[in-house]
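Any read-out appearing in this document is the output of simple, stated calculations on the displayed coordinates, not a laboratory observation. This is a predicted model, so every value here is computed, not measured. Note that each Cβ is placed from the backbone with ideal geometry, even for glycine, and that neighbours are counted across all protein chains shown.
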Ligand code: SAH
Ligand code: SF4
Ligand code: F3S
């Protein structure tokens, strides 16, 4: 679920290149008819949760009269929703701040705010390091934005980085930004209670908490009523979703939540991300199998294929456990696609251990993966306990080997689809040509096919695949 800015040297593939640091567009032409009102511009980096949070921020600001604009120069308030996952992600944020500051030079009085994980990690240090930043607001403090913006307008710097054990923004109806009107994200939980030794997320997002299941259901129903055909349920570890109803002590786990959302309507597709190998249960896998509209696609990051490294990473499963989960998924759903995240060159990793990651790609037959070199993050368990001892060149070479093997396996995976017919949800024009549609099948594969009369984004069509690259399928609609 990650889409940090890509750099050739430190990562493999990105989730959706079009979303890199995307500036948000309002879903309706919310900018029209708003002369006289103030405007905000927001750019988002990092994972889908950050993109989803930006929609919550947009809704909160909209409530106090700030309207979204896609034109940075026209904005009274420029916001950047930041990511800290790797060093490079933070470097990119500082580069963007330089650009915003140039705009502020031309238009003094423009406010600049830093939101998200880097705000949370650096706290007041941000205000000291970046003199022209007016606001620093962490992921659990967005309700405070109107107050902080108002004081910043009076010339007072604003800071709120308090993390919460309860905040889920359950009652806020996100203002869908940059939306195609077909697919939408729903945040089902926040924070993370795992302590993977390489990862900064537990520090930037705080403790794990699950959102009220009924508000999730209401959001999915509302999206469907407005014409959306697909929702993606988001959390760092969706399998540990667990909501206790304070009114009757009833409990909802992830499998039950999936079922509730799947029952909104058979034409509403349900996706979810991210699954944790230690927590994905047979109940979840069987629920996915039993609903046609729950997509047959599981993002199940392995991180490393070697048990000793997994232990150092504190992932709490080993190679055998992971392989058993993959086997179970394919047993119950032979047509399910699985994807992964992998890190090369974690502390003390040997060549043999690196080979275990490569052989895992073959075993799990990933349809695709997000691949990274290890980047030490201050304050994490690994930074405190282990030396970052694999030379950069070695990390990069190992990453390239992982990328190369994944490309071969993706190609094989896609070639097997040639000749098959898939139900595809049309998302919009293909990026290369407005004569072609772009859509995805249940397995999350992008399929490009020529338009003919009478379809529109949001329609389901049947497409027969006749060509494949390692990234895309190409086909033709069945009459
Ligand atoms: N919650 C998800 C992942 C969140 S972070 C999970 O547990 O799978 C997204 C991905 O970034 C991770 O899966 C990992 O592969 C990568 N990542 C996280 N921290 C990293 C670091 N310090 N260096 C390199 N990659 C990292
Ligand atoms: Fe980070 Fe691990 Fe939590 Fe994922 S499960 S967000 S990798 S600590
Ligand atoms: Fe980045 Fe924070 Fe997501 S660190 S990956 S934006 S949770």
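Semi-axis lengths, largest first, of the ellipsoid equivalent to region 421-477 are 15, 12, 10 Å, with √(5λ) applied to each eigenvalue of the Cα gyration tensor. Computed log10 I(q)/I(0) for region 267-306 at 0.22 Å⁻¹: -0.74, from the Debye equation with unit scatterers placed on every C-alpha and solvent omitted. At an R0 of 22 angstrom, the distance between the Cβ atoms of residue 408 and residue 330 translates into a FRET efficiency of 0.70.
Counting only helical runs of four or more DSSP H residues, what would the 222 nm mean residue ellipticity of the chain come to if each run contributes -39,500 (n - 2.57) and the total is spread over all its residues? Working shown, then result.
Values: 14 runs with 155 residues, N = 479.
Calculated at 222 nm, the ellipticity per residue is -10000 deg cm²/dmol.
A Förster distance of 45 Å, applied to the separation of the beta-carbon atoms of residue 128 and residue 470, puts the FRET efficiency at 0.45.
Quick check on region 183-415: of the DSSP beta bridges with both residues there, what percent are antiparallel, nearest 5%?
Values: 5 of 26 bridges.
Rounded to the nearest five, the antiparallel share is 20 percent.
Summary value for region 96-210: 23 percent relative contact order, contacts being C-alpha pairs under 8 angstrom separated by 6+ residues.
If you model region 183-415 as an ellipsoid using its alpha carbon gyration tensor, with each semi-axis the square root of five times an eigenvalue, the axes come out at 32, 21, 15 Å, biggest first. Projecting label points 7 angstrom from Cα along Cα→Cβ for residue 389 and residue 106 puts them 5.2 nm apart.
When the chain is fully extended, how far beyond the present Cα-Cα distance does residue 164 get from residue 150, taking 0.36 nm per residue of separation? Numbers along the way, then the final one.
Details: separation 14, 0.36 × 14 = 5.04 nm, distance 2.26 nm.
Here the segment from residue 164 to residue 150 would lengthen by 2.8 nm.
Stretching the chain fully between residue 316 and residue 248 yields a gain of 21.2 nm (0.36 nm per residue, less the alpha carbon separation). Taking all Cα pairs closer than 8 Å and separated by 6 or more residues, the relative contact order of the chain comes to 11 percent. Each label point was placed 7 Å from the Cα along the Cα-to-Cβ direction; for residue 74 and residue 352 their separation is 6.3 nm. Using C-alpha pairs below 8 Å separated by at least 6 residues, the relative contact order for region 275-377 is 31 percent.
DSSP finds beta bridges in the chain, and of those with both partners inside it, around 40 percent are antiparallel. Summary of the geometry: region 267-306 and region 138-213, compared by the centres of their Cα atoms, lie 24 Å apart.
Roughly how large, in nm² to one decimal, is the mean projection of the convex hull of the alpha-carbon atoms in region 223-317? Show your work: numbers first, answer last.
Working: hull surface 29.7 nm².
The Cα convex hull of region 223-317, projected and averaged over all directions, gives 7.4 nm².
For region 388-418 versus region 118-133, the spacing of their alpha-carbon centroids is 36 Å.
When the Kirkwood hydrodynamic radius is evaluated over all pairs of different C-alpha atoms of the chain, what value in angstrom, to one decimal, is obtained? Numbers along the way, then the final one.
Details: mean 1/r = 0.0431 Å⁻¹.
Computed over Cα pairs of the chain, the Kirkwood hydrodynamic radius comes out at 23.2 Å.
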